[in-house]
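First up is the structure itself, then whatever we jot down about it.
The values are calculated or read from the model by the stated rules, or taken from the named source; none is laboratory data. Values in this document were obtained by computation on a predicted structure and should not be read as measured data. We place every Cβ from the backbone using ideal geometry, glycine too, and count neighbours over all the protein chains shown. Accessible surface areas use protein heavy atoms only, side chains included; no ligands, DNA or RNA. Shrake-Rupley method; radii C 1.70, N 1.55, O 1.52, S 1.80 Å.
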Amino acid sequence: MISLKGRRRRRLLTSAFRPDWREIIERNVPLFLRLPDSDKAELLGHVQVFVAEKIWEGCGGLELTDEIRITIAAQACVLLLHRDSDYYPRVKVILVYPSSYVATDERSIGGGIWEEGEEHRLGHTQQQLGAIVLAWDAALHGSRVYGDGQNLVLHEFAHQLDFEGWGTDGTPMLDTRQQYLSWARVLGAEYEALRRMDDAGEPSLLNAYGATNPAEFFAVVTEFFFEKPVELRAKHPALYDELKGFYRQDPADLTVGE
Ligand SMILES: [Zn+2]
C-alpha cells in the first residue's frame, strides 16, 4: 500500500516544473548547471517535494519569496541525488534571516566552566532542533560563488545527513559494514591530518574549520566535494572516493575538459 505521503511525493516529483522557478535556479545555483540532464530532472523533482513539505519562516523582518525558497531547496537537494532519501526527515522548519543573526550560546571556556555568550551566526542546525537556520545573504553568496569551497547550505544540510546516522560523529548512514570501516579509517586519518596541520599552522586545501570536530569535518569536506571536486580528488583521493561512494556522485568527472 502506498501512503498518502508517498502519493503526494510521486505527484510532486512528476509534475511540471515552473519555468520561473527554473530561472531562479539557473541564475542562483551554478552547481545545478554542471549536472547532467538526468540529474537536473531528478533535482527539480526533489525541489518540488522539499519546498512543499517543509515549513518556511522568514525571521528578523525577512519576507520569504520564491527566490529564497527555491535557491535554498535546490542546493539542499543536490545532496539527495541518486540516494534513497526521505528529504531530511528531522528538518521540519527552515528559518531564514536576512543576514547574520545573533544567537545566545553556551560554550565551554575550559575547566568545566560554561559561559553564556552571544555570537553572530550565518547558519545553524542541531540534532534535536528540528530546524535549519540560515542567513539568506550568506546562503545566496555561497551558492553563486562557485568553486571557493564554501557553501553554507551544503554545510548545514550535511550536518543533517550526519544526524541520520548514529549521533553527531561525522558519519552519515552508510549501506554496509565494509563502508563504515572504510569511512572510519579514511575520514579519521584525514581529520587527524587536518588537525595536525592546523596546530602547526600549515596550510591545507581544506578549510581549517573542519579541524573543529569530526562533525564539522564532514560538513566542510562535503562543501569541498561539490565546490572543489578536482582539487579534492587530486590532493585527497581516498577522501574523495569515500564521499563519492556516499553521495553516489562524481563531481570531479563533470568538470573534465574545462
Ligand atoms: Zn557546522
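Yes/no per residue for (1) touching a residue at least 60 places away in the same chain (Cβ under 8 Å); (2) open to solvent by less than 40 Å² (accessible area, probe 1.4 Å); (3) under 27 Å from M173 (Cβ atoms):
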residue: E63; (1), (2), (3): no, no, no
residue: R69; (1), (2), (3): no, no, yes
residue: A73; (1), (2), (3): no, yes, yes
residue: L79; (1), (2), (3): yes, yes, yes
residue: H82; (1), (2), (3): yes, no, yes
residue: V91; (1), (2), (3): yes, yes, yes
residue: I94; (1), (2), (3): no, yes, yes
residue: V102; (1), (2), (3): no, no, no
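The residues of the stretch 21-56 that are over 23 Å from Q150 (Cβ atoms) and either among the aromatic types (F, W, Y) or in contact (Cβ under 8 Å) with a residue 60 or more places away in the chain (or both), listed by number, are W21, P36, W56.
Please work out which residue is farthest from the chain's Cα centre (by Cα), limiting yourself to the stretch 221-234 and to residues that are among the charged types (D, E, K, R) and within 16 Å of the ligand (Cβ to nearest atom).
This residue is E227.
Of all the residues that make up the stretch 135-152, how many are outside any loop (DSSP other than H, G, I, E, B) and more than 12 Å from the ligand (Cβ to nearest atom)? Talk me through it step by step, then tell me what you get.
Residues of the stretch 135-152 outside any loop (DSSP other than H, G, I, E, B): 135-144, 152.
Now drop any that are not more than 12 Å from the ligand (Cβ to nearest atom), which leaves 135-144.
The number of residues fulfilling the criteria is 10.
Could you identify the single residue in D169, D250, D175 that is free of Cβ contacts under 8 Å to residues at least 60 places away in the same chain, more than 15 Å from the chain's Cα centre (by Cα), under 22 Å from P89 (Cβ atoms) and away from the ligand (no atom under 16 Å from the Cβ)? Spell out how you get there, then give the answer.
Values: D169 fails: away from the ligand (no atom under 16 Å from the Cβ); D250 fails: under 22 Å from P89 (Cβ atoms).
Being free of Cβ contacts under 8 Å to residues at least 60 places away in the same chain, more than 15 Å from the chain's Cα centre (by Cα), under 22 Å from P89 (Cβ atoms) and away from the ligand (no atom under 16 Å from the Cβ) holds for just one of D169, D250, D175, which is D175.
Between A238, A184, A211, A158, the distinction of being out of contact with any helix residue (DSSP H, G or I) (no Cβ under 9 Å at 6 or more places or on another chain) and not charged (D, E, K, R) belongs to A184 only.
A quick yes/no check of all residues on (1) at pLDDT below 95; (2) in a helix (DSSP H, G or I); (3) within 18 Å of N151 (Cα to Cα):
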residue	(1), (2), (3)
Y209	yes, yes, yes
V220	no, yes, yes
F246	no, yes, no
Q249	no, no, yes
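Out of the stretch 153-166, which residues are within 13 Å of the ligand (Cβ to nearest atom) and of a type in the set (F, W, Y)? Once the filter is applied, which keeps residues that are within 13 Å of the ligand (Cβ to nearest atom) and of a type in the set (F, W, Y), the stretch 153-166 yields F157, F163.
Scanning the stretch 186-220 for residues that are open to solvent by less than 40 Å² (accessible area, probe 1.4 Å), within 14 Å of the ligand (Cβ to nearest atom) and β-branched (V, I, T) yields a single hit, V220. Taking the stretch 141-159 as the range and being touching a Leu at 6+ places or on another chain (Cβ under 9 Å) and surrounded by fewer than 21 Cβ atoms within 10 Å (Cβ to Cβ) as the test, the residues that pass are H141, Y146, G149.
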